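Structure first, commentary second.
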Amino acid sequence: MNAEQYIKTELEKLHTPLNAKAEADLEAQIVRLLLSKKFRKYTAKPELIQHIKESVHYNVNLNQPINLTFLHGAYKLWRLDEAPEADWAELFSLIYYSNYVKPVCEIYEPGVWFDFFVDDWILYIIDNLTPEEVSAYLQSYQSVMNYLKPYQPPNLRMTITPVGTQFTSRQEFNNELEKRTTALPLPNLSESEAKMVELNVRPTKDQTEDPVWKEKVYRIHNAYLSMKGDTGYHKNRPDKILAFNQPLPSGTTISLGTTKSSIAKFWVGIGALQPNGGSYKSVILTPSQLNTVSFRWEDINLGLTGKNFKKIRVLNS
């Protein structure tokens, strides 16, 4: 089996019905499926479990889709050759999340709405990305979603919602961000927080000459998080269940990982295949991991458009 055959097989598996049957207590069954350890990478806290139960009840009572809202950035890490477009990491993660909600879609007719709530305008300010780079990522990510749609359950809807859509204008966004930023003190960064800034930000010359540039970036980041939360789009909503690839401090998100074998953020990593017996497993590699592995390129043609889907990295055993 080569790389192309493996991915085609995974797509066909996604397309094949599970023939799941609804149980008498449908809500409890949906909750159990959403908390499946097959996909969940970290322990679910009691308050998260309770919120999932309440959200499932809320949506089932209204006969509307179960809403999972996944938080991430509208970008491919600028350090990667694949930037600014989506690559195999996005496809592998979308397949993973589709398999996650597939049994829910089979037993619950209204299905699932899997919404990606993505940071966009803030990236121009804290990561120094251009609007063209963000646009290229969003367009390519949507293209991957469109490609995957025929393989997904018909009652699964995946969408991309940029945070900027919650504001009337860029000017309103910028004004509010400036107001909130000036009200905050410079934070004392932990080692992991400093490394996060260093990884994501493409610093300008002025920034690198400023000894506290990382603290200033993180202060804007903190101001932005409060703005994002106050939009009312995703936090403290009875209808929405939040998801992320790793635990957040609030403990209120399902930690799904990004593939069966990976927890790395798909937007700051690249997708690759790792030999697994006579087959493969999909993995997502961070920049640091990419520097420690050996691989070969394998040509591939699945009909996906974009510069990153003509070949794929296959790790050496």
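Where a number appears in this text, it was derived from the coordinates with a stated rule and is not lab data. It should be emphasised that the depicted structure is a prediction, and the values quoted were computed from it without experimental measurement. Here Cβ is always computed from backbone atoms with ideal geometry, including for glycine, and neighbour counts include all displayed protein chains.
In the chain, helical runs assigned H by DSSP with n ≥ 4 each contribute -39500 (n - 2.57); averaged across all residues and rounded to the nearest 500, the mean residue ellipticity at 222 nm is -12500 deg cm²/dmol. Projecting the Cα atoms of ALA20, ALA223, PHE309 onto the dipole axis of the chain, where Lys and Arg carry +1 and Asp and Glu carry -1 at the beta carbon, places ALA20 farthest toward the positive end.
Here the range 255-306 is described by how far its Cα atoms reach on the three principal axes: 31, 27, 22 Å, from widest to narrowest. Which of these, GLY277, GLY229, GLY257, has the largest mean-square fluctuation under a Gaussian network model of the chain (Cα springs below 10 Å)? Most flexible of the set in this elastic network: GLY277. DSSP finds beta bridges in the chain, and of those with both partners inside it, around 35 percent are antiparallel. Simple spin-label estimate for LEU225 and SER317 gives 4.4 nm between the two label positions (7 Å along the Cα-to-Cβ direction from each Cα).
Sequentially through the range 97-114, phi angles give Karplus couplings (6.51, -1.76, 1.60; θ = phi - 60°) of 5, 5, 5, 4, 8, 3, x, 5, 4, 6, 9, 10, 4, x, x, 9, 10, 9 Hz, Gly and Pro residues having no value and appearing as x. Please compute the modelled spin-label separation between LYS21 and GLU178, points set 7 Å along Cα→Cβ, answer in nm with one decimal. Taking the simple label geometry, GLU178 and LYS21 are separated by 6.4 nm.
Treating cross-link reach as a plain straight distance, find the lysines whose alpha-carbon is under 22 Å from the alpha-carbon of LYS228, omitting any fewer than eight places away in the same chain. Straight-distance partners of LYS228: LYS76, LYS179, LYS214, LYS216, LYS240, LYS265. Computed from the Cβ-Cβ distance with R0 of 22 Å, the FRET efficiency linking TYR42 to LEU199 stands at 0.55.
For the pair LEU62 and ASP206 in one chain, pulling the backbone fully straight at 0.36 nm per residue adds 46.5 nm over the alpha carbon distance.
Full extension of the chain between GLU54 and GLN171 gives 38.4 nm of extra length, using 0.36 nm per residue less the Cα-Cα distance. A value for Rg and Dmax of the Cα atoms in Å was derived from the coordinates, and within the list (1) 20.1, 64; (2) 25.1, 86; (3) 20.1, 77 it appears as (1).
Applied to the range 192-198, the Karplus parametrisation 6.51 cos²θ - 1.76 cosθ + 1.60 on θ = phi - 60° returns per-residue 3J(HN,Hα) values of 5, 5, 5, 5, 4, 4, 4 Hz, with x for Gly and Pro. The HN-Hα couplings worked out from phi for the range 19-26 by the Karplus form 6.51 cos²θ - 1.76 cosθ + 1.60 (θ = phi - 60°) are 6, 5, 10, 6, 8, 4, 9, 4 Hz, whole numbers, x standing for Gly and Pro.
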